[in-house]
Amino acid sequence: MCAVLEVSDSVRANASVLFRRALAEHLLYGRAYESIAGATVYLGSRQAQVVRTLTEVTNASRCPNNSVVRDVRFLQRELEIAVDSLSATAYLPRLGSTLGLDERIVRRARQLLEAAIEENLHSGRDPKGVAAGALYTVSLLEECRVDLRQTEVAAAADVSPETVRARFSEFESLCPDAIPGASTEMERPASRAGTRRNGSRHATGDD
């Protein structure tokens, strides 16, 4: 299952420890091994702050979604597993990969997120939206300019374009201090959705 999902060694190690604990405490009786394995991979990913959705895990386990969800809750209760909510930073690699962005842009977005966290701009907000807003904001910097639209960033993060736009409004002013060498002049939003200038799409109020 770890091979199918191409998870890191740390996730594999976490999942293995959880599975062995469940086996040692005789928690597998009457339950499908594949479902328990899926639950341990999901929980192991959460412990490592790696984004893996339940849908991905259940597809890899070939078990019904409700079975894996049930076993995730079962193991959390029986093994007293505490998992923190995923941070916005944890979503950056996956979101950057989905959007086809290079590591340099993801690294700049991580710098921007660190500054946003210091300003407490992440508190009470969906971490997926915070990560999406950081990537979109960085994509408009002169040194990182890529052809992105708010709608495609929002779709990749499973948030609304309005969320991306709101985070952009908050993060834009942080760029000069958060990212050394970043230009203080960012391309301003165009007046129409999808308007291109110099080969790039820019932020719009309609997009």
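The values are calculated or read from the model by the stated rules, or taken from the named source; none is laboratory data. Since the structure is predicted, the reported quantities are computational estimates derived from the model, not experimental observations. For neighbour counting, all protein chains shown are included, and Cβ atoms are generated from backbone atoms with ideal geometry for every residue, glycine included.
Listed here are the residues, each with its yes/no results for (1) of a type in the set (Asp, Glu); (2) under 13 Å from the mean Cα position of the chain (by Cα); (3) assigned to a helix (DSSP H, G or I).
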| position | (1), (2), (3) |
| --- | --- |
| Tyr42 | no, no, yes |
| Asn59 | no, no, yes |
| Asn66 | no, no, yes |
| Gln76 | no, no, yes |
| Glu80 | yes, no, no |
| Val83 | no, no, no |
| Ser123 | no, no, no |
Any residue at all in the range 168-181 that is closer than 22 Å to Arg94 by Cβ, small (Gly, Ala, Ser) and at pLDDT below 85? yes
Scan the range 20-34 and give yes if some residue there is among the aliphatic types (A, V, I, L, M) and either touching a strand residue (DSSP E or B) at 6+ places or on another chain (Cβ under 9 Å) or under 18 Å from Thr55 (Cα atoms) (or both), otherwise no. yes
Search the range 152-169 for residues that are free of Cβ contacts under 8 Å to residues at least 40 places away in the same chain and in the same structural domain as Ser123 (by TED's automatic domain parsing) and pair each with any residue that is in a loop (DSSP other than H, G, I, E, B) and surrounded by fewer than 17 Cβ atoms within 10 Å (Cβ to Cβ) when their beta-carbon atoms are under 6 Å apart and the residues are at least 6 apart or on different chains. Ala154/Ser160
Check the range 82-96 and report whether any residue there is in contact with a helix residue (DSSP H, G or I) (Cβ under 7 Å, 6 or more places away or on another chain), without any contact (Cβ under 8 Å) to a residue 24 or more places away in the chain and over 30 Å from Asp147 (Cβ atoms). no
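Is it the case that Ser45 is without any contact (Cβ under 8 Å) to a residue 60 or more places away in the chain, under 21 Å from Leu23 (Cα atoms) and of a type in the set (Ser, Thr, Tyr)?
Yes: the conditions hold for Ser45.
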Subset of the range 103-161 that is basic (Lys, Arg) and either under 14 Å from Thr89 (Cα atoms) or touching a helix residue (DSSP H, G or I) at 6+ places or on another chain (Cβ under 8 Å) (or both) - its residue that is modelled with the lowest pLDDT: Arg145
